[in-house]
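K.L.:
The structure is given below, and queries will be raised subsequently.
The values are calculated or read from the model by the stated rules, or taken from the named source; none is laboratory data. The shown structure was predicted, so the numbers you read here are calculated from the model rather than taken from an experiment. Don't worry about glycine lacking a Cβ; one is built from the backbone with ideal geometry, like all the others, and counts go over all protein chains shown.
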């Protein structure tokens, strides 16, 4: 097991290096100059040159990459061009906001969707099944920002139960923190609920048709035992893959939701850094996202044998 | 009543209750500030915040003239080379230390050190014309600046918002050669800045206001009734509107005319607006093979009914202005009112004379500034009526800015940020294209007039120079100035005392909150 983990982590190093090179090159190919964006339409040649020099943008691109890579290898991701903040703490701070919302949302969505999918498959072609499928399709089709705005309007403006903007860290004031993240979590849970329910249902339908389920029933096991003990584990394995993909995807930032709910998360940071051509921050964001993807996939691979005994590490 | 409902109501009251006192004003900012260092790593929001915390020797008044702020008075020597600032007595920094000429000297020496990377150093080190050759402090309340040559812009440059108003800060603002936080003399001091979330400003209890009866631009009596201001970073306009409607914020600044109309219909919400000195214009690349013919540029100008375009863009809040001299400026007189006028017949005649055969002309626009995009769309439609083929190309703002800086365009719809003196406005467009490709107007005579206007301090002589510049610009058509911008704010009705003015930045010390605020 440990060998497998180390192997996988070692395999991620070339990926990270390649990504860093691509990110470095691509972002610099995009037209736009960070120094110019800082100075705006009032930029004269002298102040532009001085700002470029101060940001190290006057160096040849290869030199800039070597300097950056050397710093990254020693754990230093540099400083933001826009705000002069150290990039690594900035990323970790913003990632913690996104991660707290994403992890809770995906966990809640999975806890609701998997039993619902199983139940729907068990009652295939019944009214309940049609209702679950229709509901899941609806949730899958609703854009997250629209659902978010709808919830903001309902619970924030009309009912006035929850604040519509702002963020409070959990450590600062747990009650207030909760009030600020309830709506983003509910929005994300609902949006992901659709996809996971459909996958869980489809997997369960397939599993319930297999001979070993018929065999279990023939043995005289109760339906509950057949479903929870025999069908669930096997039906859950493909759903786990989907959950892993969703998690990796969302942990990379939920920029739209973070913008709607004014959350200081990683997605918003990434979008802002693109507009500001804040190269160090953007490079750091993408490295972090890649690393998180690798970790999530590794975690899914490690969990897979627990649900599908055919898989050995 | 249903218990669950009561519980939900009680819970929501706990969750959403503002833990703030009644005199806390909550304001939405569309983007975070870049830093708290005056005029260094800055943008318009950073300037707006800084100008609540620090004060300079002089500042802009409401009529865009310059008046004393930390200075009691300013005396200019007859040769125009020596500016003597007498400081007000009893002014304190936010750390309790008294303001003396030593701090003014320290601050200015730091600004003029290239290592500080002060945005405005070019206006004082000789590279932009004038050089401050000496700053001295003959006594604790007097500071003398000596220039190498007379300048009509010295005081105005000192007061510019983008220079942080050259705010005087206490040396403790810097620790171990690194900027820490501003310790200024403004009516507010910096509370907590949570990047990407909020900036808190706290009333400075030891603030010493000027003796005037009330505020006047960035100067005058700036005492405040607010205890605290919370500036919340809300980038999404829809979320900002929702925050205002739900009373999570009290004031939205920089609202679009469309949103203003929608919000004006909401009970308990009020709209205030005023014209600013920013300029929206259509720029020409006069070295373009097609557009180097002035007749074609004129034809485009005559094909546009700018009054109609501006009325539609601003919902009748601004009027068309063809001059670089802003409508709110005291130098905007009858001469500056004369533009091109709408004359499609003349436009067609000029096109025929120029031999224009409908070749496409690329007009660059962006969507970061919706009014700039809309201006391009209107211009395209109107020009088409006269047979001019404008093709819109929408660019991301960073890309457009680079094309502007390098002069790589045929036509461009562009927003110039506000310059509070006409000489600075003309300077933003006038220059040698070989050295500064972003300058759209390369006319040696105009450059000479502009240089004179920058040196001259006599208002009558400056007026004559601005008149000449305007008339020549109308003849050369290097750009079509469309209108000066509008600053629109939306606020709850308990927010009183907002005073919009030609600078599109809020002055929150003028605000007070009416009793009965929820």
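K.L.:
Taking into account only those residues within segment B:231-266 that are part of a strand (DSSP E or B) and at the interface with chain A (Cβ under 9 Å from one of its Cβ atoms), which is surrounded by the most Cβ atoms within 10 Å (Cβ to Cβ)?
P.N.:
My answer is B:233.
K.L.:
Could I ask something else about it? Go through (1) touching a residue at least 40 places away in the same chain (Cβ under 8 Å); (2) in a strand (DSSP E or B) for residue B:183 and report which single condition fails.
P.N.:
(2)
K.L.:
With B:133, B:49 as the choices, which residue is out of contact with any helix residue (DSSP H, G or I) (no Cβ under 8 Å at 6 or more places or on another chain), modelled with pLDDT of 95 or more, more than 13 Å from residue B:168 (Cβ to Cβ) and within 14 Å of chain A (Cβ to nearest Cβ)?
P.N.:
After applying the criteria, what remains is B:49.
K.L.:
Still on this structure, I have one more. Does at least one position in segment A:67-75 carry a residue that is within 17 Å of residue A:277 (Cβ to Cβ) and out of contact with any helix residue (DSSP H, G or I) (no Cβ under 8 Å at 6 or more places or on another chain)?
P.N.:
no
K.L.:
Quick one: count up the residues across segment B:490-508 that are in contact with a helix residue (DSSP H, G or I) (Cβ under 9 Å, 6 or more places away or on another chain) and buried (at least 19 other Cβ atoms within 10 Å of the Cβ).
P.N.:
Summing the residues that are in contact with a helix residue (DSSP H, G or I) (Cβ under 9 Å, 6 or more places away or on another chain) and buried (at least 19 other Cβ atoms within 10 Å of the Cβ) in segment B:490-508 gives 9.
K.L.:
Could you look through segment B:219-229, keep only residues that are more than 22 Å from the chain's Cα centre (by Cα) and either outside the structural domain of residue B:28 (by TED's automatic domain parsing) or surrounded by 21 or more Cβ atoms within 10 Å (Cβ to Cβ) (or both), and pick out the one that is farthest from residue B:202 (Cα to Cα)?
P.N.:
The initial filter retains those residues of segment B:219-229 that are more than 22 Å from the chain's Cα centre (by Cα), namely B:223-228.
Going one step further and asking which of them are either outside the structural domain of residue B:28 (by TED's automatic domain parsing) or surrounded by 21 or more Cβ atoms within 10 Å (Cβ to Cβ) (or both), we end up with B:224, B:226.
Numbers: B:224: 11, B:226: 8 Å.
My answer is B:224.
K.L.:
What is the one condition in (1) outside the structural domain of residue B:52 (by TED's automatic domain parsing); (2) in contact (Cβ under 8 Å) with a residue 60 or more places away in the chain that residue B:215 does not satisfy?
P.N.:
The one condition residue B:215 does not meet is (1).
K.L.:
Taking segment B:273-316, which residues are surrounded by 17 or more Cβ atoms within 10 Å (Cβ to Cβ), closer than 18 Å to residue B:489 by Cβ and out of contact with any helix residue (DSSP H, G or I) (no Cβ under 6 Å at 6 or more places or on another chain)?
P.N.:
Within segment B:273-316, B:273, B:274, B:275, B:276, B:277, B:278 qualify.
K.L.:
Right, something else. State whether the residues of segment B:7-17 include one that is within 11 Å of chain A (Cβ to nearest Cβ), buried (at least 17 other Cβ atoms within 10 Å of the Cβ), modelled with pLDDT under 95 and assigned to a loop (DSSP other than H, G, I, E, B).
P.N.:
no
K.L.:
Continuing with the same structure: Please pick out the residue among B:165, B:96 that is in a loop (DSSP other than H, G, I, E, B), at pLDDT 95 or above and more than 14 Å from every other protein chain (Cβ to nearest Cβ).
P.N.:
Exactly one residue qualifies, and that residue is B:96.
K.L.:
Any idea which of (1) more than 11 Å from every other protein chain (Cβ to nearest Cβ); (2) surrounded by fewer than 15 Cβ atoms within 10 Å (Cβ to Cβ); (3) at pLDDT 95 or above; (4) in contact with a helix residue (DSSP H, G or I) (Cβ under 9 Å, 6 or more places away or on another chain) is the one residue B:381 doesn't satisfy?
P.N.:
Against the list (1) more than 11 Å from every other protein chain (Cβ to nearest Cβ); (2) surrounded by fewer than 15 Cβ atoms within 10 Å (Cβ to Cβ); (3) at pLDDT 95 or above; (4) in contact with a helix residue (DSSP H, G or I) (Cβ under 9 Å, 6 or more places away or on another chain), residue B:381 comes up short only on (4).
K.L.:
Of all residues in segment B:332-361, which are under 28 Å from residue B:397 (Cβ atoms) and surrounded by fewer than 15 Cβ atoms within 10 Å (Cβ to Cβ)?
P.N.:
B:359, B:360
K.L.:
Okay, moving on. Looking at A:248, A:253, A:244, which one is away from chain B (no Cβ under 12 Å) and at positive phi?
P.N.:
A:253
K.L.:
Based on what the data block shows, is residue B:457 assigned by TED's automatic domain parsing to the domain that holds residue B:410 and either within 30 Å of residue B:291 (Cα to Cα) or assigned to a loop (DSSP other than H, G, I, E, B) (or both)? Don't jump to the end; show me each part of the working.
P.N.:
Numbers: assigned by TED's automatic domain parsing to the domain that holds residue B:410: yes; either within 30 Å of residue B:291 (Cα to Cα) or assigned to a loop (DSSP other than H, G, I, E, B) (or both): yes.
Here the answer is yes, as residue B:457 does meet what is asked.
Residues are listed down the side, and each one gets a yes or a no for (1) modelled with pLDDT under 95; (2) within 14 Å of chain A (Cβ to nearest Cβ):
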residue: B:342; (1), (2): no, no
residue: B:348; (1), (2): no, no
residue: B:365; (1), (2): no, no
residue: B:368; (1), (2): yes, yes
residue: B:390; (1), (2): no, no
residue: B:402; (1), (2): yes, yes
residue: B:416; (1), (2): yes, yes
residue: B:440; (1), (2): no, yes
residue: B:445; (1), (2): no, no
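K.L.:
I need a count of the residues in segment B:404-414 that are under 22 Å from residue B:278 (Cβ atoms) and more than 10 Å from chain A (Cβ to nearest Cβ).
P.N.:
Residues flagged as under 22 Å from residue B:278 (Cβ atoms) and more than 10 Å from chain A (Cβ to nearest Cβ) within segment B:404-414 amount to 5.
K.L.:
Could you tell me which residue of segment A:25-54 is farthest from the other protein chains (Cβ to nearest Cβ), considering only residues that are outside any helix (DSSP H, G or I) and modelled with pLDDT of 80 or more?
P.N.:
First, the residues of segment A:25-54 that are outside any helix (DSSP H, G or I): A:30-33, A:43-44.
Applying the additional criterion that residues be modelled with pLDDT of 80 or more yields A:30-33.
On the way: A:30: 8, A:31: 4, A:32: 3, A:33: 6 Å.
Among them, the one singled out is A:30.
K.L.:
Every residue in segment A:136-155 that is touching a residue at least 60 places away in the same chain (Cβ under 8 Å) and surrounded by 15 or more Cβ atoms within 10 Å (Cβ to Cβ), please.
P.N.:
Result: A:136, A:144, A:145, A:148, A:149, A:152.
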